[in-house]
Amino acid sequence: MEEYVYIDGKKYRRGYTTGSCATGASKAAVYMMITKNKIDTINIDTPKGIPLSLNIDNVNISDDFVECSVKKDGGDDIDATHTMDIYARAEIISKTDDSNSYFTLENIDNINISEECQSELYKFIRVYGGTGIGVVTKKGLSVGVGKPAINPTPLRMINQEIIKLIESDFESMLGHDKVLKITIFAPQGEKIAKKTFNPRLGIVGGISIIGTTGIVEPMSDEGWKKSLSIELQMKKEQGLDKIILVPGNHGEQFIREKLNLDIKYVVRTSNFVGYMIKEAQRIGYKKILMAGHIGKFIKVSAGIFNTHSKVADARSEILVANLALMGATHEFLHKINQCLTAEEAVELINNSEYKQVYNILSNKCRDRVKQYLNEDVDDIDVEVVIFSMDKSLLGKSDNTDDLLEVFI
């Protein structure tokens, strides 16, 4: 891995996610189960395209299973999970377990098997959550209710790395009546999870195994903001006169997959929405399309321009206020107020007569942005679209369709 990145002339160390730790521990456990030889390191690939060599700790090789761990390293973006041990246990079991507590790639909606995995060996790999891995209790996350909080990207990584090991020895190892059971666990997980946002998201009993790239990028606020601004400047110098601002990965996927627009126009804002629209104005962009998840942009609709939860989080209050202005019943408002995630609220709204609230929020978001831009605002076209976690379009500001045409 390229261990350091330079932001604004300063050196920051990268790290790796809990998903990469779980992947490394899983691959190492399977390798040692096959060879019965202890190893100290394991190599894995990441969606970021950066290979990792991970140290393997706490090895336990027995006749029936192998378990080991990888220590989480957040680099210079230290969070509650930094330095904790993420374990994996590998064992061979019969196919008779019909419980709903495990994953295969086959039952993960967010993964396209035909693209992600050419081998059908994924059918013989089951991933479980053990001690210290949280369980999802509320709708709206990328994992279903009752499942361990192991996100789709780490699940894909685990499967891909294991298939590399077992493909040639599959028949002798498993036959057709056995499966490979991988259990991810974290002895410190329940304690550490109390310091994370998991309890607020309805994830109970432990941490989440997450990460969309496998790599933790340094998040020094000032340095990170300047690096985002540099991308805006570069695109301007490349001849682009219009831009699409999105908070992160989900926004980029929405632009590409649902709006079918060229991602050359896309620049990420992270949580620094206010900073980035001011930078876009300063650099000279006259047409700005903003696309974001409702959980982020509902904050902007109320004038909150840093969308990190540690800065401000009034999602429920904003949604309740707007629905109340639409005449929603007290009973419905109370249900919305009890939602722990924006996605949970979306499900309620989608089954109600108040779906127009999405367009209302989009218009308010656009108006707040124009107010924030202040000077020469009439010279800049800004429109807003909001979407849900499954990339469904929820709402858009009034003149979005006209603006979209300039990006086609």
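Here, each number is a calculation from the coordinates, and none is a lab measurement. Values in this document were obtained by computation on a predicted structure and should not be read as measured data. With ideal geometry, Cβ positions are generated from the backbone for all residues, glycine too; neighbour counts draw on all protein chains shown.
At a glance:
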{"item": "Space enclosed by the convex hull of the alpha-carbon atoms of the range 4-216, per residue, Å³", "result": "124"}
{"item": "Where chymotrypsin sites (Phe, Trp or Tyr not before Pro) fall in DSSP loop in the range 133-214, at most 14 other Cβ within 10 Å", "result": "Phe197"}
{"item": "Packing-based exposure ordering (other Cβ within 10 Å, fewest first) of Ile283, Ile209", "result": "Ile283, Ile209"}
{"item": "Low-density loop positions, GluC sites (Glu not before Pro), the range 262-359 - DSSP coil, at most 11 other Cβ in 10 Å", "result": "Glu353"}
{"item": "Residues Cys339, Cys68 arranged by fewest to most Cβ contacts within 10 Å", "result": "Cys339, Cys68"}
{"item": "Expected-Rg normalisation [2.2 N^0.38 Å, Cα atoms] applied to the range 198-275", "result": "1.34"}
{"item": "Selected from Gly292, Gly129, Gly274 as most flexible by GNM, with the chain as the system and alpha-carbon contacts under 10 Å", "result": "Gly274"}
{"item": "Residues Lys123 and Glu331, FRET efficiency given R0 of 45 Å [Cβ-Cβ distance, rounded to 0.05]", "result": "0.50"}
{"item": "Theoretical gain in end-to-end length, Glu405 to Asp390 [0.36 nm per residue, Cα-Cα removed]", "result": "3.0 nm"}
{"item": "Residue order, fewest to most beta carbons within 10 Å, for His250, His334, His82", "result": "His334, His82, His250"}
{"item": "Cβ charges +1 (Lys, Arg) and -1 (Asp, Glu), total dipole of the chain, debye", "result": "780"}
{"item": "Candidates per GluC sites (Glu not before Pro) in the range 164-204, loop by DSSP, up to 16 other Cβ within 10 Å", "result": "Glu167"}
{"item": "Helix-only mean residue ellipticity at 222 nm for the chain, each DSSP H run of n ≥ 4 adding -39500 (n - 2.57), per residue, nearest 500", "result": "-10000 deg cm²/dmol"}
{"item": "Gap separating the Cα centres of the range 273-296 and the range 319-381, nearest whole Å", "result": "19"}
{"item": "Hydrodynamic radius of the range 221-407 per Kirkwood, over alpha carbon pairs, in Å", "result": "16.7"}
{"item": "Cut-off 9 Å between beta-carbons: net charge of the residues surrounding Ser229, Lys and Arg +1, Asp and Glu -1", "result": "+1"}
{"item": "Fluctuation leader among Thr183, Thr213, Thr329 - the chain, Gaussian network, Cα springs under 10 angstrom", "result": "Thr329"}
{"item": "Range of Cα positions in the chain per principal axis (Å), largest first", "result": "72, 54, 38"}
{"item": "Potential lengthening between Thr35 and Asp79 on full extension [0.36 nm per residue; Cα-Cα distance subtracted]", "result": "12.3 nm"}
{"item": "Most fluctuating residue given options Val127, Val136, Val357, as computed from a GNM of the chain linking Cα atoms under 10 Å", "result": "Val357"}
